Amino acid sequence: MFVKIDKDKCSGCETCIGSCPYDAIVIKGEKAEINELCQLCKACLSVCPEGAISEVEEASDIKEKSEGKGVWIFAEQRDGKISGVAFELLGAGRRLADKLGAELAAVLFGATGSDANELIRWGADKVYHCTDEIVNTFNDEPYSKLLAELIKQYKPEIVLAGATPIGRSFIPRVAASLKTGLTADCTSLDIDDESKNLLQIRPAFGGNIMATILCPNTRPQMATVRPRVMKRGEYNETAKGAIINVSAGDIKSRTKVLQTVKEVAENAVNLQEASIIVSGGRGLGGEKGFELLYELAEAIGGTVGASRAAVDEGWIPYRHQVGQTGKTVGPKLYIACGISGAVQHLVGMQSSDIIVAINKNPDAPIFNVANFGIVGDLNEIIPMLIKKIKEVKGL
Amino acid sequence: MRVIVCVKQVPDTAEVRINPETNTLMRDGVPSIINPYDMHAIEAGLYIREKAGGKVTVVTMGPPQAETALREAISMGADDAVLLTDRAFAGSDTWATAYTLAKAVEHLGADVILCGKQAIDGDTAQVGPEMAEFLDIPHIAYVRKIEEIEDNRIVVQRLMDDGYDVIESSLPVLLTVVKELNVPRMPSLKGKMAAKKAEIKKMTAADIGATEENLGLKGSPTQVKNIFAPEVKKDRKMLEGLNEEKVMALINELQVMKCL
Ligand SMILES: Cc1cc2nc3c(=O)[nH]c(=O)nc-3n(C[C@H](O)[C@H](O)[C@H](O)COP(=O)(O)OP(=O)(O)OC[C@H]3O[C@@H](n4cnc5c(N)ncnc54)[C@H](O)[C@@H]3O)c2cc1C
Ligand SMILES: Nc1ncnc2c1ncn2[C@@H]1O[C@H](COP(=O)(O)O)[C@@H](O)[C@H]1O
């Protein structure tokens, strides 16, 4: 494929030039021209008022599609505990599998048989389980070799993993060895009605823009999925499924984990586990504002979050930051105080169940994602709110 | 010790904005920079040279303009630089990029390969680990500290969600690095002079012995279907009245929703 500008249609208006992230469009002889910097990102296709820009397919674009059946999710565990993202993947995977009329399987390395059963109760039809010593702790090479082997043997059509330090580290090796595509850090997944291809949607350019990625010809289609964005499926106490024990054979590792150090205690702000988050932005006006926010958090039983602007001002440490370059959260209740609602903030908290926004500017974009909006000065609203909550709770 | 640092020239995404009317990127006047994480990879390369001796080579795959990024790396202290540039590389996704870089590394030879954690335009963090697979060598991602480095062994700290792991690996190895690892140095006067004079070695697909069908768009399993502005949901309810009434209304709603 390549991108072409129809010289006859081009009016030389230069609209397309600014749309190109790679400076690949230049004006020559009063007409736009695409040069060798083009990365085929297609950002320019929709901007031309004359409709002069189009993509051109080449014979070599048409490839034979490889085969695959079933949806797999990789259930990661650390210290024998399956991480939350595995259950979210089962929720997302179940939806995709049902749409395809296919089976949903989970792959579990390490942990126990009762953990494998838990995956079945959360929606898996099947679990491929390896309990060999070598996969008890995470090491990239054994994990990627074993997963690649299993994929070659059972040929799933989709493989999903968490976009966690573990998933983002070893899954690329699997995709590289299978010569198939991998889409990083997806925030939404769907099946294309016509082609049945997986639509993989993810933020790019620092969250400024969203992209839909396809892997049309090779199988499996692989994606890592951002934690806390997908919803868990239904838990079924009596669900039954097959547990298939698999062996790692004589797979070796050239890396060795010498020590695992937990840095929790005072450093940890458990934003990602919190069911209520009260979050503050530049509108709080300073450290004093955050003292007020902490009071609200205490009254309502929540954890304090922040926008990047508040963190950059030094009013609160980075570990509280929510958004594209901070944490992604999905609490039951998110109260945004004095936060304007820039896209980079929204991507980190949009999947919260209920969003409340308090902002003095009625046009602040945060209100677009809010279930409940209060236009007003937070210096008046928050103290009132604290007082009322305390009354209601009988504190 | 032969060290190769992979750097990418990227638009400074902190300054990229989206035009809300046309849903397209507005890139006017946005500067091209070395991917910020790759600056830390360069610094790590220089650190390893100080510790273990040897040579630091920077490599980039990109258009001819990417030469600027390589000269900047030399001004920081890198010994030499290679620019992989060829029409055939255009449209590479992470698979094809990693394949191309791996071919170049194979050709050049290396004991330690350094990459940034991720590039800020695509934010994928996939090229490093994919490259390691092509080279059939181990890799360690999210390196936040290099504890020891010897002729055939390295010990590093890998950042995890809940702390860090201390990991040992044999060499050759590929590391992807995070910002916590170090503070990239400023170019020295001597470095700036060297950068001006340096000869940047250019290599094409043929020079690195790459297979045509694995390159660029042809070699890329993934495709961008479309790009669009982030959407927002719109089932909001604005609470009206005096401040006191708004707060009461909110309390009621939260009680109904069982949040209180
Ligand atoms: C690559 C990149 C990554 C980024 N990552 C993140 C990220 O992870 N997280 C993040 O949050 N941002 C991120 N940003 C920054 C983001 O673009 C915004 O700049 C930031 O979110 C703005 O923070 P804010 O809403 O607190 O501040 P502002 O935009 O300044 O908004 C302050 C709001 O407070 C309101 N206000 C002021 N006074 C009062 C008052 N007395 N009562 C009530 N309301 C009041 C104002 O009306 C305004 O809406 C990123 C940006 C880039 C380019
Ligand atoms: N075109 C390229 N040339 C050189 N290095 C690259 C290129 N693309 C990616 N890299 C390296 O791979 C890392 C991860 O990039 P990415 O997978 O695109 O997020 C970067 O920090 C670079 O070190």
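The values are calculated or read from the model by the stated rules, or taken from the named source; none is laboratory data. None of these values were measured; they are calculated from a predicted model. When we count neighbours, we look across all protein chains shown, and the Cβ atoms used for this are built from the backbone with ideal geometry, even at glycine. SASA here: full protein model, heavy atoms, side chains in, ligands and nucleic acids out. Shrake-Rupley method; radii C 1.70, N 1.55, O 1.52, S 1.80 Å.
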- Task: Calculate how many DSSP beta bridges within the range A:64-245 are antiparallel, expressed in % of all such bridges and rounded to the nearest 5.
- Result: 30
- Note on the structure: So for R0 = 60 Å, FRET eff. of A:Glu30-A:Asp353 from the Cβ-Cβ r, to 0.05, ends up at 0.65
- Query: What residue among A:Glu133, A:Glu234, A:Glu263 has the largest mean-square fluctuation in a Gaussian network model of chain A, using Cα springs under 10 Å?
  - Reply: A:Glu263
- Would you mind checking the tilt of helix B:94-108 against the longest principal axis of the Cα atoms of chain B, expressed as 0 to 90 degrees and rounded to 10? 20
- Label-zone membership for the range A:338-353, site A:Asn361, 7 angstrom Cα→C-beta point, backbone N under 13 Å: A:338-343
- Query: Using 7 Å Cα-to-Cβ label points, what is the B:Ala206/B:Val166 separation (nm, one decimal)?
  - Reply: 5.2
- Message: Based on alpha-carbon centroids, what's the gap between the range A:68-126 and the range A:200-257 in Å, whole number please?
- Response: 9
- Note on the structure: To the nearest 10 degrees, the tilt of helix B:36-52 (Cα long axis) against the first principal axis of the alpha carbons of chain B is 40
- Is the protein assembly as shown rounded, prolate or oblate when judged by the Cα gyration tensor, a ≥ b ≥ c being the square roots of its eigenvalues, rounded requiring a/c under 1.5 and prolate requiring a/b larger than b/c? rounded
- Message: At 1.4 Å probe size, with the rest of the protein present, what percent of the exposed accessible area of the protein assembly as shown is carbon and sulfur atoms?
- Response: 49
- How much net charge surrounds A:Val356 when only the other residues with a Cβ under 13 Å from the Cβ of A:Val356 are counted, with Lys and Arg +1 and Asp and Glu -1? +2
- Note on the structure: Here the relative contact order (percent) of chain B, from C-alpha pairs under 8 Å and at least 6 apart, is 24
- chain B - share of DSSP beta bridges that are antiparallel (%, nearest 5): 45
- Relative contact order (percent) for the range A:64-245, with alpha-carbon contacts under 8 angstrom and 6 or more residues of separation? 31
- Task: Measure off 7 Å from each Cα along the Cα-to-Cβ vector at A:Met1 and B:Met248, then give the distance between these two points in nanometres to one decimal.
- Result: 5.8
- Task: Could you state the accessible area per residue of the protein assembly as shown in Å², with a 1.4 Å probe and every protein chain left in place?
- Result: 42
- Could you tell me the distance between the Cα centroids of the range A:24-54 and the range B:92-132, to the nearest Å? 28
- Note on the structure: Treating only Lys and Arg (+1) and Asp and Glu (-1) as charged, each at its beta carbon, one finds that the range B:141-210 has a dipole about its Cα centre, in Debye to the nearest 20, of 800
- Along the charge dipole of the range A:41-147, which of A:Val85, A:Pro49, A:Tyr143 sits closest to the positive end, that is, farthest toward it, with unit charges on the beta carbon of Lys, Arg, Asp and Glu (+1, +1, -1, -1)? A:Val85
- Straight-distance crosslink candidates among lysines, where the alpha carbon sits under 16 Å from B:Lys103 and sequence neighbours closer than 8 are dropped: A:Lys179, B:Lys201, B:Lys202
- Task: Give me the distance between the Cα centres of the range B:210-260 and the range A:323-370, rounded to whole Å.
- Result: 9
- Would you mind checking the range A:271-290 for residues with the amide N under 19 Å from a putative spin-label position 7 Å along Cα→C-beta of A:Arg319? A:271-280, A:290
- Query: Considering protein heavy atoms only and a 1.4 Å probe radius, which residues within the range A:157-181 exhibit an accessible-area decrease of no less than 40 Å² in the full assembly relative to the chain by itself?
  - Reply: A:Pro165, A:Arg168, A:Ser169, A:Pro172, A:Arg173, A:Ala176, A:Lys179
- Query: How many lysine pairs in the range A:271-395, separated by 8 or more positions in sequence or lying on different chains, have Cα atoms less than 22 Å apart?
  - Reply: 10
- Query: Under unit Cβ charges (Lys, Arg +1; Asp, Glu -1), what dipole magnitude, rounded to 20 debye, does the protein assembly as shown have relative to its Cα centre?
  - Reply: 320
- Task: Give me the aspartates and glutamates in straight-line cross-link reach of B:Lys218: C-alpha distance below 18 Å, same-chain residues under 8 apart excluded.
- Result: A:Glu36, A:Glu55, A:Glu57, A:Glu58, A:Asp61, A:Glu64, B:Asp86, B:Asp93, B:Glu130
- FRET efficiency for B:Leu189 and B:Asp151, using Cβ-Cβ distance with R0 set to 25 Å, rounded to 0.05: 0.15
- Note on the structure: Per the rule of 0.36 nm per residue minus the C-alpha distance, extending A:Asp377 to A:Lys390 adds in nm 2.6 nm
- Report, for the protein assembly as shown, the % of DSSP beta bridges that are antiparallel, rounded to 5. 40
- Once you charge only the Cβ atoms, +1 for Lys and Arg and -1 for Asp and Glu, what is the size of the charge dipole of the range B:2-214 about its Cα centre, to the nearest 20 debye? 920
- A/B buried area, accessible surface, summed, 1.4 Å probe, Å²: 8500
- Computed label-point distance, nm, for sites B:Glu106 and B:Glu50 using a 7 Å Cα→Cβ extension: 3.5
